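Structure record follows, encoded as structure tokens.
Here, each number is a calculation from the coordinates, and none is a lab measurement. Bear in mind that the values here come from a model prediction, so they are computed numbers and not experimental data. All Cβ positions, glycine included, derive from the backbone under ideal geometry; neighbour counts span all protein chains shown.
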Amino acid sequence: MVNKVPVVGPTYEEMLHPWKIKGELRKAALQKKQEDPLHPLNLYNISWRNGEDKIGYFTLPPAFTNIKANIVVMYAKDFPTGSHKVGPTYSVLTEKTVLGEVNPLVHELVWPSTGNYGVGGAWVSSRMQYRSLVVLPEEMSQERFDLIRQYGSKVIATPGCESNVKEIYDKTKELKRNNPEEIRILNQFEEFANYRFHEYVTGNSMIELVQEEKIGNQEIAAVVLTVGSAGTIASGDRVKRRFPNAKVIAGEPIQCPTLSLNGYGGHDIQGIGDKHVTWIHNVMNCDGVVQIDDMDCKLLLQGITSEEGQSYFKAQVGEVDWEFIRDKLGISGIANIIGAIKTAKYYDLKSGDNIITVATDALDRYHSVLENMTALSKQDIHSHYQRIIRYQEPSLFFEGDRYNRLRWHHLKYYTWVEQQGKEVAELNNQMDQYYWKKEAALVSQMDEKIKAYRVAHSKELSQILGVENV
């Protein structure tokens, strides 16, 4: 029997600074992370910070990258689902819960996804007492499908690969049309709670990381992130407020160059590049787009994570803890690193400059992908490393001048106005940065609503979570 009271966990501020969670509640949540990862108390473990209040990261030094700047990688492996996408899914569902837009006794949640958002939606839905269904392309890794089912959600596979998002939209429309009273679609590509989580939680975490750990010059020269829903790149909006000269660079696959060349195609950087410009992407604040080859990403991931590769890189760059890094990276994390190298070379970034990016998920999502690849020799690994990392060219880089930004913005019209029913007036408003600042500012209002909800339902929440005084 589904409980009548949905479980609501942390505020945005508590996800950013988890030490602000009540002591006994946080202690219990950290204990459940080890003992029972599917317990709803784990909602309070959605944060870039661990139990010691440290942000998980590693730095790739010039000795490895052959650039002067530092590449700082915040890794998401320690989030409850092994990916930071659980943060946006929790934020989207929590906002709709406290606003009274969804009801677990009435509605089934549909999460359109190309992978990690669907995994996060499945995990969050069950922890918060909702029924859910994930829609994602059939060519996504088997590990994604397995996790979605393990977390308690149904799943529908649509035709195609990572970039076949229209097929996902078509299926969700069909579901809604056939059952309009029960189905509620939580679309990461348009939900601003996705933007708010990353603008506030991820962006501030980036700023705090370089200063707390005293990395380089303790500033951020560039935020480089491949875009799928374009949620994570919202962190760049927050970073630019603190460091106005920082560059925000979007990465996309060479095989699907939608922003850079109005292009299309299939690719295998799972989680990015979806043949459209998302509604929540602040393209008018984007300083550039860089293309990345999906095969380079897979070859480098294969090289870094294989036993042969671990031995090779230890000999080449012994100052990096390769065993620590090994399980922290997935295909999109490698793509972000390649994009960061190209950005550093394009802008000729100096020693002490910091480029910050993220590893969205980790190796455990890609064993099935790597198993289908031909084994690499040590010479193969050496050749790929030299070409993909040390001598990577800053090519296929498109700066965000006035006209390029307008081109990126105008592409939204065809998906969102013609196909999805958005208003032209709101699309026009998105050209003004005030629109985005207003959306970001809703964090404080939502936090007050979350706290009020927890107070109003404290008795029921305490019973469900097994902790007094929630």
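For the chain, complete DSSP H runs whose alpha carbons reach 15 Å or more along their own long axis and whose mean Kyte-Doolittle score is -1.0 or higher are 86-98, 116-127, 294-305, 331-347, 433-456. Applying the Karplus relation 6.51 cos²θ - 1.76 cosθ + 1.60 with θ = phi - 60° to the range 390-396 yields 3J(HN,Hα) values of 5, 10, 4, 8, x, 8, 6 Hz, where x marks Gly and Pro. Restricting to DSSP loop positions (anything but H, G, I, E, B) with no more than 12 other Cβ atoms inside 10 Å of their own Cβ, which chymotrypsin sites (Phe, Trp or Tyr not before Pro) remain in the range 324-395? Passing both the DSSP loop test and the Cβ count: Y391.
Checking every one of the GluC sites (Glu not before Pro) in the range 1-82 against DSSP loop status and a limit of 13 other Cβ atoms within 10 Å picks out E52. Once you mark the trypsin sites (Lys or Arg not before Pro) that are in a DSSP loop and have at most 15 other Cβ atoms within 10 Å, what is the longest gap between them in the chain? Longest site-free region, per DSSP loop and neighbour criteria: 69-213. Of the GluC sites (Glu not before Pro) found in the range 246-326, those in coil by DSSP whose Cβ has at most 12 other Cβ atoms within 10 Å are E319.
Available extension along the chain between Y391 and D170 is 75.3 nm, counting 0.36 nm per residue and deducting the alpha carbon span. Under a 5 Å amide H cut-off, with hydrogens placed 1.01 Å from N, Y57 pairs with Y75 among residues at least 5 apart or on other chains.
Around D432, with a cut-off of 13 angstrom between Cβ atoms, what is the net charge of the other residues, counting Lys and Arg +1 and Asp and Glu -1?
+1
With Cβ to Cβ distances under 10 Å as the rule, what net charge do the other residues near L16 carry (K, R +1; D, E -1)? Once positives and negatives cancel, what remains is -1.
For K154 and A375, the difference between the fully extended length at 0.36 nm per residue and the C-alpha to C-alpha distance is 76.1 nm. Distance between the C-alpha centres of the range 329-399 and the range 10-52: 32 Å, rounded to the whole angstrom.
For the cross-link pairs K176/K422; K77/K247; K240/K412; K85/K342; K77/K173, the ones whose C-alpha atoms lie over 21 Å apart are K77/K247; K240/K412; K85/K342; K77/K173. Per-residue ellipticity at 222 nm computed for the chain from its helices equals -12500 deg cm²/dmol, with DSSP H segments shorter than 4 residues left out and the rest contributing -39,500 (n - 2.57). Calculated translational diffusion coefficient of the chain (20 °C, 1.002 mPa s; Stokes-Einstein with Kirkwood radius over alpha-carbon pairs) equals 96 µm²/s.
Does the range 86-187 come out rounded, prolate or oblate, given a ≥ b ≥ c as the square roots of the eigenvalues of its C-alpha gyration tensor, rounded meaning a/c under 1.5 and, failing that, prolate meaning a/b above b/c? Verdict is oblate for the range 86-187.
Within the same chain, aspartates and glutamates fewer than 8 places from K451 are excluded, and of the rest, those with a Cα less than 15 Å from its Cα are E13, E14, E95, E460.
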